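Engineer: Take this structure first; my questions come after.
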């Protein structure tokens, strides 16, 4: 599905060719995050540059579920030439400078938007993981040297976890019998805990009935 994109031009004439550039770049955004509910792009020539034609500003406003991303870029031809390590400007390049500046501004603005979307998506995934920790388990076994261990879930299943899945670098603080919250996922060799966090006192009390007392042997 093509991302609906609202395009406006300020202090310059509208251009179908430029609109095609923008729609093409906007169409790539949803590969980094879905769903994007709105995309507005404004292309502007600032008043101080209207006569020179040497700079453009491109602003992208993305509306997302629960948030918004705003990106603004205004590169110059000199910046682009430094990037590709050209040492001199030909006459033709000087004539094409406004067109090149505009394409550069559009490309860089959308590149920045892609980076922001990736960052937003990572934060969303972390937020989801934080809300996926209602399950409580007990640490059953720890293999500290190998960097992994096993927890016992409330239904009695033994679930593998790796030290990298333990939040806040707390793997070395884990002890056998300790209560932990965890989120489960399917691994290559069966179920595994994708996220493990040391449980608070409340969760520890809820898990208490699963701890069986062992009576001392009779003399």
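The values are calculated or read from the model by the stated rules, or taken from the named source; none is laboratory data. All values reported here derive from a predicted model rather than from experimental measurement. Ideal geometry is used to build each Cβ from the backbone, glycine not excepted, and the neighbour counts take in all protein chains shown.
Engineer: Here are 112, 144, 153, 170: which of them is modelled with pLDDT of 85 or more and buried (at least 18 other Cβ atoms within 10 Å of the Cβ)?
Structural biologist: None of the other options fit; the residue is 153.
Engineer: Out of the residues in segment 178-205 that are over 15 Å from residue 160 (Cα atoms) and surrounded by fewer than 13 Cβ atoms within 10 Å (Cβ to Cβ), which is modelled with the lowest pLDDT?
Structural biologist: 205
Engineer: Check off (1) within 19 Å of residue 66 (Cα to Cα); (2) part of a loop (DSSP other than H, G, I, E, B) for residue 13 and give me the number that stays unchecked.
Structural biologist: (1)
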